[in-house]
Amino acid sequence: MFILAEIVDKTPTAFELWLISGAIGLLFGGIGLIHRYVGFCVFAAGVLFSIAWMYSSYYEAFEEPHFSECIREEMGMVWIAHSLVSGICPIVFTSVVLFWHFKKRRSQQVQ
């Protein structure tokens with residue numbers, strides 16, 4: 001396998017993509033644990049951030065005139081898939097926080 005290393009050394013690895021997205025998701029989720037209204041706001045922010053992340057990844061991989069060709073040649077479709085899918089971490093973590101708030105509230109109403 002021949003790697004030109006024009007793009008590889010300037011882009012994060014797949015692990016770094018998941019790490020960054022997961023850290024942002026944990027930050028949003030931690031803030032959302034404060035109160036359920038804060039959880040709703042953080043969920044909205046997480047959704048917007050994830051949409052922006054996925055759009056940016058899609059644009060870099062498929063729409064950018066010269067950069068997208070280099071990414072597909074050097075990084076491959078596996079890296080593109082990781083860059084697109086890793087953007088769901090903020091949505092997943094903030095949804096878990098919202099589910100926790102609903103479950104907590106429901107258990108308080110039953111008692």
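Is it the case, given these coordinates, that T11 is in contact (Cβ under 8 Å) with a residue 60 or more places away in the chain and not in a helix (DSSP H, G or I)?
yes
Name the residue that is nearest to W18 (Cα to Cα), counting only residues in segment 68-80 that are touching a residue at least 24 places away in the same chain (Cβ under 8 Å) and part of a helix (DSSP H, G or I).
W79
Just one of (1) in a helix (DSSP H, G or I); (2) over 16 Å from I24 (Cα atoms); (3) not charged (D, E, K, R) trips up P65, so point out which.
Condition (1) is where P65 drops out.
Taking the conditions exactly as written (assigned to a helix (DSSP H, G or I) and within 27 Å of L98 (Cα to Cα)), does F28 satisfy them or not?
Here the answer is yes, as F28 does meet what is asked.
Inspect all residues belonging to segment 87-105 and state whether any of them is over 30 Å from E6 (Cβ atoms), surrounded by 12 or more Cβ atoms within 10 Å (Cβ to Cβ) and among the hydroxyl-bearing types (S, T, Y).
Taking every residue of segment 87-105 in turn, at least one turns out to be over 30 Å from E6 (Cβ atoms), surrounded by 12 or more Cβ atoms within 10 Å (Cβ to Cβ) and among the hydroxyl-bearing types (S, T, Y).
Since every read-out is calculated from the coordinates, none of them should be taken as a lab result. None of the values given here were measured: they were computed from a predicted structure. Glycine gets a Cβ as well: all are built from the backbone with ideal geometry, and neighbour counts include every protein chain shown.
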